[in-house]
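Notes follow once the structure below has been shown.
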Amino acid sequence: MEVNERKKLEALGNPYVLEVVDTYVNLCKPASVRVLTDSKEDTEYVRTRALQLGEEKPLALKGHTVHFDSIHDQGRDSKNTRVLLPKGKIMSKSILTVDKEEGLGEIMQSLDGIMAGREMLISFFCLGPEHSKFSIPALQITDSAYVTHSESILYRFGYDQFKRLKGSKEFFYFIHASGELDERGNSKNVNKRRIYIDLEGERVFTINNQYAGNSVGLKKLALRLAISKANNEDWLCEHMFLMGVHNNGRTTYFTGAFPSACGKTSTAMIPGQTIIGDDIAYLRPGENGIAYGVNVEQGIFGIAQDVNVIDDPVIYKALTTPRELIFSNVLVVDGKPHWLGMGQELPVKGENFSGTWHKGKLGPDGKEILPAHKNARYTMRITELDNADPHLNDPKGVPVSGFIYGGRDSDTSPPVIESLSWSHGVFMAAALESEVGFAKLAGEGDRMHDPMANMDFLVVPLGVYIKNHLAFGKRLGKPPRIFATNYFLKRDGKFVNAKTDKKIWLLWMEGRIHGEYGAIETPIGFIPMYDDLKKLFKDIFNKDFTKEEYEYAFSIRIAKILDGLKRIEKIYAEEHDIPELFHEHLKQQRQRLLEAQKKHGDIISPFKLQ
Ligand code: SPV
Ligand code: MN
């Protein structure tokens, strides 16, 4: 390592940082090492480096670039993401593990010489705002300038935060190597992709990949480490957006957890509201008995599909005006990016994740390759948005009054429902199911159990995770209200709600928190009253919301809900140490449903419950 680079490391005064860096320099054997501080010069170096290496290409608009991942590396690799499990420890059935000793042996062997001929980039970031009890410093080691560039957009700088650590070991670290590259600069050995999580060491190893969900340490890899940390302490780390809802001159903060492609970012972007984060939140109990939340990130790695002038005007504007922004896996023609559902006819040829693309081109699976990938994304800073919340970087966080859980359900759940209590809400969230969209490999339409929309990232047994949620609410004098939404209810194959209707459910939830709306108690929770929604639709969209529309959307479909309970019961029967309170809620909910069925029949109109 050059003297200059070494000096930047030594200036941190942290022997553990030096130890980690020395270990992986010796193991990965890069041709050179570059240490990045928070300086403008270093940030510029990374931007330029990504272009020089061809990991990004410039686009026509100033500051915009495009990055392509290989056709085999377009989503999170759940199968090869494993927790390194020490002997004698147990994990939930659905969490993949590998014996710790064996896994470490395998990964260390793979890392040996993996950066030969390449430059190792070492950078420092801060998860959560700086100078905050939420802050977790994180060290990234990678051979990908795209990874470091993405992190410089998505996370707060942390070189100074590391100095403030005063030599402590309290930081996460991530080792990423792209592995051998093909002629397009993409990871070649995708079958040797490995993402190994060492919870005790607070570190993650990830190799032979480039897709950000696998490679960017501070995103989903840090999420997993933080879930473990939070569950050992007294806070929550959730796959949640954080937003301010503005109504009647007040701001009410909500978090929301939705599985991929279920409307999470677009909820956080509802016009007229402010955004703090769209993906990951840390939540801690405040001294005043209220939950406080921060965004772990400062940027968005959002899905481009369906961002258009009508459905997502704020993001659309950001994607079509100059700023620092990385597109990934879109279609590019003459320096212009194109994505599915952008509201314009797409070109018939160009460059995309498959290389040179033309309409009708077939993929390795024999299926036609779409112009842009459904999981094509954009990476940008939240402060660049007109709707950024002023408390985005507040070290105290913001008081959170509502949690929203959302899934994709075409035939059962109403558009919005409020839990009967905190613990009933935890039960609701732990029983969350969602139909599979495009982001997962299971068949589209299958229902997947996705507790708290966080299942992909759980690294602690489900029972521990649920227990921690129950305890979190108990610790608070005024726990957030818990709601569930479903934007995807269909009738005769068609969605019953417009995409923009989300705003109505959100304002209803906000009003509930402030005691402005009554509600109808049903066996599964509180639902809105017709007159309140009618008024909201009229005031907000000048739309007549009919009794008939209301009745269809908010009917309680008993048999279908009971089927769901059966599925959930079966899953939880195989788990260890699930809190008794969870089983109690399940039993009571079933009981209430059966009684209502006896009284009112199988599909109950909300008018019958009033
Ligand atoms: C998600 O799918 O939840 C994302 C993108 O936020 S990824 O980084 O792939 O997890
Ligand atoms: Mn996410």
Point to revise | Answer from Glu180, Glu170 - the residue that is away from ligand 2 (no atom under 16 Å from the Cβ), free of Cβ contacts under 8 Å to residues at least 40 places away in the same chain and in contact with a Ser or Thr (Cβ under 8 Å, 6 or more places away or on another chain) | key: Glu180
Check your understanding: Which residues, taken from region 384-440, are without any contact (Cβ under 8 Å) to a residue 60 or more places away in the chain and either out of contact with any helix residue (DSSP H, G or I) (no Cβ under 9 Å at 6 or more places or on another chain) or among the hydroxyl-bearing types (Ser, Thr, Tyr) (or both)?
Key -> Ser421, Glu435, Val436
Exercise for review: Scan Glu233, Glu180, Glu170, Glu200 and give me the residue that is closer than 23 Å to Ser150 by Cβ and either assigned by TED's automatic domain parsing to the domain that holds Met120 or of a type outside the set (Gly, Ala, Ser) (or both).
Suggested key: Glu180
Review point. Can Pro371 be described as part of a strand (DSSP E or B), crowded, with 20+ Cβ neighbours inside 10 Å and within 28 Å of the chain's Cα centre (by Cα)?
Key: no
Review point. Which fully enclosed helices (runs of 4 or more DSSP H) of region 1-56 have 1 or more residues being in contact with a His (Cβ under 8 Å, 6 or more places away or on another chain)?
Key: 40-52
**Study point:** All positions within region 110-132 that are among the hydroxyl-bearing types (Ser, Thr, Tyr) and assigned to a strand (DSSP E or B)
**Key:** Ser123
Study note, to complete from the structure: Restricting attention to region 347-364, the residues that are part of a strand (DSSP E or B) and either closer than 23 Å to Gly63 by Cα or in contact (Cβ under 8 Å) with a residue 12 or more places away in the chain (or both) number exactly 6
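Inside region 62-108, counting only strands (runs of 3 or more DSSP E) that do not spill past its ends, which hold 1 or more residues that are away from ligand 2 (no atom under 16 Å from the Cβ) and either assigned by TED's automatic domain parsing to the domain that holds Pro371 or surrounded by fewer than 17 Cβ atoms within 10 Å (Cβ to Cβ) (or both)?
Counting at least 1 such residues, we get 97-99.
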Check your understanding: So Asn248 fits all but one of (1) farther than 15 Å from Pro480 by Cα; (2) assigned by TED's automatic domain parsing to the domain that holds Arg475; (3) modelled with pLDDT of 95 or more; what number is the exception?
Key -> (3)
Exercise for review: Name every residue in region 251-266 that is at pLDDT below 95 and of a type in the set (Ser, Thr, Tyr), in order of residue number.
Suggested key: Ser260, Thr265, Ser266
**Study point:** Count of residues meeting criterion [within 16 Å of ligand 1 (Cβ to nearest atom) and surrounded by fewer than 20 Cβ atoms within 10 Å (Cβ to Cβ)] in region 382-404
**Key:** 0
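Only residues that are within 24 Å of Tyr155 (Cβ to Cβ) and in contact with a His (Cβ under 8 Å, 6 or more places away or on another chain): list them for region 259-283, please.
Within region 259-283, Gln273, Thr274, Ile276, Asp279, Ile280 meet the criteria.
Listed here are the residues, each with its yes/no results for (1) without any contact (Cβ under 8 Å) to a residue 24 or more places away in the chain; (2) among the acidic types (Asp, Glu).
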| position | (1), (2) |
| --- | --- |
| Asn4 | yes, no |
| Pro15 | no, no |
| Glu19 | yes, yes |
| Val35 | no, no |
| Leu53 | no, no |
| Arg76 | no, no |
| Asp99 | yes, yes |
| Leu104 | no, no |
| Gly117 | no, no |
Practice item. Taking only region 190-234 into account, find how many residues are of a type in the set (A, V, I, L, M, F, W, C), closer than 20 Å to Asn329 by Cα and under 18 Å from the mean Cα position of the chain (by Cα). Key: 2
Point to revise | Evaluation of Arg284 against (1) within 12 Å of ligand 1 (Cβ to nearest atom); (2) farther than 30 Å from Glu19 by Cα (one fails), failing number | key: (1)
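Test Thr379 against the stated conditions and say whether it is surrounded by fewer than 16 Cβ atoms within 10 Å (Cβ to Cβ) and either of a type in the set (A, V, I, L, M) or assigned to a strand (DSSP E or B) (or both). Working first, answer last.
Values: surrounded by fewer than 16 Cβ atoms within 10 Å (Cβ to Cβ): no; either of a type in the set (A, V, I, L, M) or assigned to a strand (DSSP E or B) (or both): yes.
Spelling it out, it is not the case that Thr379 is surrounded by fewer than 16 Cβ atoms within 10 Å (Cβ to Cβ) and either of a type in the set (A, V, I, L, M) or assigned to a strand (DSSP E or B) (or both).
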Review point. Which numbered condition trips up Pro606, out of (1) touching a residue at least 12 places away in the same chain (Cβ under 8 Å); (2) farther than 26 Å from Gly518 by Cα?
Key: (2)
Review point. Among the helices (runs of 4 or more DSSP H) confined wholly to region 133-223, which include 3 or more residues that are more than 14 Å from ligand 1 (Cβ to nearest atom)?
Key: 145-154, 159-164
Exercise for review: Give the residues of region 224-237 that are within 16 Å of ligand 1 (Cβ to nearest atom), within 19 Å of Tyr405 (Cβ to Cβ) and assigned to a helix (DSSP H, G or I), sorted by residue number.
Suggested key: Ile227
Check your understanding: Of all residues in region 287-315, how many are within 16 Å of ligand 1 (Cβ to nearest atom) and under 22 Å from Glu233 (Cα atoms)?
Key -> 3
Revision key, fill the gap. Residue hits (region 597-610; among the polar types (S, T, N, Q), outside any helix (DSSP H, G or I) and surrounded by 14 or more Cβ atoms within 10 Å (Cβ to Cβ)) are Ser605
Review point. Quick check: is even one residue across region 238-253 touching a His at 6+ places or on another chain (Cβ under 8 Å) and within 11 Å of ligand 1 (Cβ to nearest atom)?
Key: no
Check your understanding: How many residues does region 270-293 contain that are crowded, with 16+ Cβ neighbours inside 10 Å and either within 23 Å of Pro259 (Cα to Cα) or within 16 Å of ligand 2 (Cβ to nearest atom) (or both)?
Key -> 16
Point to revise | Residue, nearest to Lys57 (Cα to Cα), within region 144-200, restricted to residues that are crowded, with 18+ Cβ neighbours inside 10 Å and of a type in the set (D, E, K, R) | key: Glu151
Practice item. Run Gly256 past the list (1) within 12 Å of ligand 1 (Cβ to nearest atom); (2) within 11 Å of the chain's Cα centre (by Cα); (3) not acidic (Asp, Glu) and report the number of the one that doesn't hold. Key: (1)
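The values are calculated or read from the model by the stated rules, or taken from the named source; none is laboratory data. Quantities reported herein were computed from a predicted structural model and do not represent experimental measurements. Note: ideal-geometry Cβ built from the backbone for every residue, glycine included; neighbour counts use all protein chains shown.
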